[in-house]
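The structure under discussion appears below in the form of structure tokens.
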Amino acid sequence: MSDLLARLIAVAFVSGLFVPGLAAHAQESGYYYPLNQRLPLGEVARWNATIHPGLYGQTQPVRITLPSTGHVTYYDGRSPQGVLADAPSQAGLLVGNVYRVRISGMPEFPGIELYPSIELLDRLHPPPGQEQNFPVPVTFTVEEIETALQDRMVTKVVYLEQPQRAAPFDQKDGPHIEDVPPSSNLLEAADQRGRPIAIVRLGGRIPDANAGAAFFGPPVPVVFPTQVPQPPAQP
Amino acid sequence: MFRRAVLTAGLWGGSAGLLLCTSSCRTPTALHSSTPSAAIASQTDGTGEQGQASPAPVDETARSVAAAAHTTAAHTTAAPSGTSSAPTIQQTTWVPPVPEMPAAARAQSPAGQDDQQHQVQPVQHQVVSPPADNVDPVRPIVHEIVPRTPVVAEVCPPGYPGVPNMCPPGSPCPPSYVVVPPGYERWEFGDEYLCDGGDRGLPVHYDGFGRRGLETEDTIGEFKDHLGEAHVRPSSRVCIYAPRFAEVRTASLPITDVAVNKLAANHDRIGPGGLDTQLAPGQQQQNDELHGLEMRSRASGVDVDMSDSSLAKVDRIDSHVKLINVYEDLSFATDIQIDQLGTAVIGQALQNALAWSGDTVTYIIAHNFKGQELTARFAIEEYVGIEDKRTPGDLKIIKLADRKTAKPGDVVTFKIHFENVGGRELYEVRIVDNLTPRLQYIEGSASSELDGRVNIEDNGEGSQILTFELFEPLEGKTSGTVTFECRVR
């Protein structure tokens, strides 16, 4: 037991997690969770990709849905203006990276542009040819956008439900959303309910005119469905 | 996920350290998140939104590739630089560094070979025997390396628009994650499938209170054989790829406040306020002398012999032996059975007169005794029976679904095919299906080839338990099918 604890501490030291502000809070599950949603962008994804070799760089389709309609702009470094797409939009993102997209053109919020970030932690393993039929849903509801416009930040962890522990409810209006207190560790809560897939952060921050492309971070490729052969519908 | 991740990090401590060292050594910017600015930013909830996005490993890999290519180019140009001082840039092929590979995976991806082919030639090690006349020549030992399925191809990210190829040309993959032994990529994919059937967890069994161990997803068949004994048989398990997502959410107020906690020029001095205290050692010496007292002691010349009074006392333990013998007690308590056998006895007495007198006649005394108990034994002289050579009945259940994949809202049709693989009849056959919480039974969709009925009850976990009961016994070598539909939640 002491050997295992020593290894964990050693791994945490090497990974640079023992810095001020990163200490784990009181755990609800009794397990030690060194990661939480308050870490800097990309830290959780990098940690997960380090633990699971072969995970980093895999393409995972992600479907971004707005309250009704609108536009989603992806920034992959090819052009400063990004790639504009209609919502709901589906694109392939690389696991282990952080993407910052722009959502705009929402009829419920005219003239409003928000720049949420999507940190992709894990991926699915569908049957061959069915990758595009099972994207990771990233939804932005009206109340979340209103919360962001009130200068508050909405943080969500999208997780894959454990089938035996799944809530016996229908999903007609999108994924089931559960609100937890801000002091909670979302990754821990998601891990208790299933497998965390992505961290979505939505705030009211807009790009600084003097910051340039640094606001969007390093460019990461985006694979659009038009570049991927569409499989036939699977009955 | 992260519980397993932490555990994996612990169990693979050595390898994880190697991976971390590999990534950190190759990409020095991988651990830049522990800078003081990032730590301060993490105190607020708006870190992720306001902080800079950390450099991604894609960029690090590209940088490492570029650095390695630059190093390779420098080495290649160093050789001809002996003749010419002006450095010339030559385009060379980048050769990735050979990473540390597990022993199990060393044979599958030799560095420098084409990953597409991956044909490992058998390596022959020949042992040359020393020349000797009386020793047979040693046959060469051939070690063949069995080529294994290359796995680097499936973990190598393909090229993307804007980034033509993340892998250097000709090399299998970026070295940081090129080595993935088979079966070690991921192992927890079961949460993406919606399964039903089988008997997971505690096996279904019966105790004095009824049926136990029927969890969700379980599908079993119950029956009684020709001897009246109850049996349970699980069905096959069918899985549909139907991942479902959910979210945990929180909203916080980002605070970009800078709080400086320090002493605001407050000098607090506490010192002795002019209080002088002298504490001298209070040494006090007092000499007391005896005056005019003389005392002389000498031996008085009286010898006193103190000797032992020759009193000897001997304490001896008396030897006391007490023998307690167990008196022999013989007690017989037996069941006393008194068997009285009375048979019909005819007593005859004949007495002759010793002295014949005139009026003395001979007389007869007879006694009649009846039997009190009559015991009879019947032996079977002949046994006539009919031997049934049919095999005992048994149930085989196969569960099928009409879809391989499903999304929430789709309707899946399940078929449960059961067959009596034995020869004798099966009685009270029931097919029980405890649906998983993500399946909603569609009312009225159940049907059966054989006559029976279906009972639907709540399983307490948001789904239902379907029980198909057959009215008639299931004959040997016969089968049936029940069909029902469920909606995927």
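The values are calculated or read from the model by the stated rules, or taken from the named source; none is laboratory data. What you see is a predicted model, and the numbers here were worked out from it, not measured in a lab. Ideal geometry is used to build each Cβ from the backbone, glycine not excepted, and the neighbour counts take in all protein chains shown.
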* Taking region A:90-128, which residues are over 20 Å from A:Ile206 (Cβ atoms), among the polar types (S, T, N, Q) and either at pLDDT 95 or above or out of contact with any helix residue (DSSP H, G or I) (no Cβ under 6 Å at 6 or more places or on another chain) (or both)? -> A:Asn97
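Tell me, yes or no, whether region B:389-412 has at least one residue that is under 30 Å from A:Asn133 (Cβ atoms), hydroxyl-bearing (Ser, Thr, Tyr) and free of Cβ contacts under 8 Å to residues at least 60 places away in the same chain.
Of region B:389-412, the ones under 30 Å from A:Asn133 (Cβ atoms) are B:398-412.
Still in the list and also hydroxyl-bearing (Ser, Thr, Tyr): B:405.
Of the ones still in play, those that are also free of Cβ contacts under 8 Å to residues at least 60 places away in the same chain are none.
No, that holds for no residue.
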* To do: Residues being in contact (Cβ under 8 Å) with a residue 24 or more places away in the chain and within 7 Å of chain B (Cβ to nearest Cβ): count how many of those fall in region A:174-187.
  => 5
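Across region B:403-421, which residue is nearest to the other protein chains (Cβ to nearest Cβ) among those that are more than 30 Å from A:Pro137 (Cβ to Cβ) and surrounded by 20 or more Cβ atoms within 10 Å (Cβ to Cβ)? Don't jump to the end; show me each part of the working.
Residues of region B:403-421 that are more than 30 Å from A:Pro137 (Cβ to Cβ), as a first pass: B:415-421.
Of the ones still in play, those that are also surrounded by 20 or more Cβ atoms within 10 Å (Cβ to Cβ) are B:416, B:418, B:420.
Working: B:Ile416: 20, B:Phe418: 25, B:Asn420: 32 Å.
By that ranking, first place goes to B:Ile416.
Name the one entry in A:Gly92, A:Gly96, A:Gly82 that is farther than 23 Å from A:Arg195 by Cα and of a type in the set (Gly, Ala, Ser).
On the way: A:Gly92 fails: farther than 23 Å from A:Arg195 by Cα; A:Gly96 fails: farther than 23 Å from A:Arg195 by Cα.
One residue alone meets the criteria, A:Gly82.
Would you be able to tell me the number of residues in region B:443-477 that are surrounded by 15 or more Cβ atoms within 10 Å (Cβ to Cβ) and assigned to a loop (DSSP other than H, G, I, E, B)?
Filtering region B:443-477 down to residues surrounded by 15 or more Cβ atoms within 10 Å (Cβ to Cβ) leaves B:445-446, B:448, B:450, B:452, B:454, B:459, B:461-470, B:473-474, B:476.
Keeping just the survivors that are assigned to a loop (DSSP other than H, G, I, E, B) gives B:445-446, B:450, B:459, B:461-463, B:473, B:476.
Residues flagged as surrounded by 15 or more Cβ atoms within 10 Å (Cβ to Cβ) and assigned to a loop (DSSP other than H, G, I, E, B) within region B:443-477 amount to 9.
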* **Subset of region A:90-105 (residues that are of a type outside the set (D, E, K, R), without any contact (Cβ under 8 Å) to a residue 60 or more places away in the chain and not in a loop (DSSP other than H, G, I, E, B))** => A:Ile103, A:Ser104
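Out of everything in region A:198-213 that is at the interface with chain B (Cβ under 7 Å from one of its Cβ atoms) and either polar (S, T, N, Q) or buried (at least 22 other Cβ atoms within 10 Å of the Cβ) (or both), what residue ends up being farthest from A:Ile112 (Cα to Cα)? Spell out the reasoning first.
Quick first cut of region A:198-213, residues at the interface with chain B (Cβ under 7 Å from one of its Cβ atoms) only: A:201, A:203, A:205.
Retained after the next criterion (residues that are either polar (S, T, N, Q) or buried (at least 22 other Cβ atoms within 10 Å of the Cβ) (or both)): A:201, A:203.
Numbers: A:Arg201: 17, A:Gly203: 12 Å.
For region A:198-213, the residue satisfying everything is A:Arg201.
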* Among the residues of region A:160-173, which ones are of a type in the set (S, T, N, Q) and either part of a helix (DSSP H, G or I) or more than 7 Å from chain B (Cβ to nearest Cβ) (or both)? -> A:Gln164
* Asked: For region B:223-239, what are the residues that are of a type in the set (A, V, I, L, M) and facing another protein chain (nearest Cβ under 10 Å)?
  -> none
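Quick one: would you say A:Glu108 is more than 30 Å from A:Gly54 (Cβ to Cβ) and either facing chain B (nearest Cβ under 9 Å) or touching a residue at least 12 places away in the same chain (Cβ under 8 Å) (or both)?
Values: more than 30 Å from A:Gly54 (Cβ to Cβ): yes; either facing chain B (nearest Cβ under 9 Å) or touching a residue at least 12 places away in the same chain (Cβ under 8 Å) (or both): yes.
Taking the combined requirement at face value, the residue satisfies it.
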* **Complete set of residues in region B:368-402 that are assigned to a loop (DSSP other than H, G, I, E, B) and surrounded by 10 or more Cβ atoms within 10 Å (Cβ to Cβ)** => B:Phe369, B:Gly371, B:Arg390, B:Thr391, B:Pro392, B:Gly393, B:Asp394, B:Asp402
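Restricting attention to region A:40-89, which residues are assigned to a helix (DSSP H, G or I) and within 15 Å of A:Val200 (Cβ to Cβ)? Give the steps one after another, and end with the answer.
Initially, region A:40-89 is screened for residues assigned to a helix (DSSP H, G or I), giving A:43-51.
Within region A:40-89, A:Val44, A:Ala45 qualify.
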* Give the residues of region A:56-82 that are more than 7 Å from every other protein chain (Cβ to nearest Cβ) and touching a helix residue (DSSP H, G or I) at 6+ places or on another chain (Cβ under 6 Å), sorted by residue number. => A:Pro61, A:Pro67, A:Tyr75
* Matching option when the condition is surrounded by 16 or more Cβ atoms within 10 Å (Cβ to Cβ), within 9 Å of another protein chain (Cβ to nearest Cβ) and either free of Cβ contacts under 8 Å to residues at least 40 places away in the same chain or touching a Pro at 6+ places or on another chain (Cβ under 8 Å) (or both), among A:Phe140, A:Phe216 -> A:Phe216
* How many residues does region B:372-388 hold that are out of contact with any Gly (no Cβ under 6 Å at 6 or more places or on another chain) and either under 30 Å from A:Phe134 (Cα atoms) or not acidic (Asp, Glu) (or both)? -> 11
* Check region A:149-159 and report whether any residue there is in contact (Cβ under 8 Å) with a residue 60 or more places away in the chain and not in a strand (DSSP E or B). => no
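Considering only region A:106-137, state which residues are in a loop (DSSP other than H, G, I, E, B) and among the β-branched types (Val, Ile, Thr).
A:Ile112
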* Tell me, please, whether a residue that is over 30 Å from A:Ala166 (Cα atoms), in a strand (DSSP E or B) and modelled with pLDDT under 85 can be found in region B:162-174. => yes
* Asked: Residues B:Gly422, B:Gly462, B:Gly385: which one is over 34 Å from the mean Cα position of the chain (by Cα), more than 20 Å from B:Asp199 (Cβ to Cβ) and at pLDDT below 90?
  -> B:Gly385
* Asked: Got at least one residue in region A:188-197 being surrounded by fewer than 16 Cβ atoms within 10 Å (Cβ to Cβ), at the interface with another protein chain (Cβ under 8 Å from one of its Cβ atoms) and not small (Gly, Ala, Ser)?
  -> no
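From the list B:Thr256, B:Thr219, B:Thr250, pick out the single residue that is among the polar types (S, T, N, Q), at pLDDT 90 or above and within 30 Å of A:Ile199 (Cα to Cα).
It is B:Thr250.
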* Quick check: is even one residue across region A:202-209 modelled with pLDDT of 85 or more and at positive phi? -> no
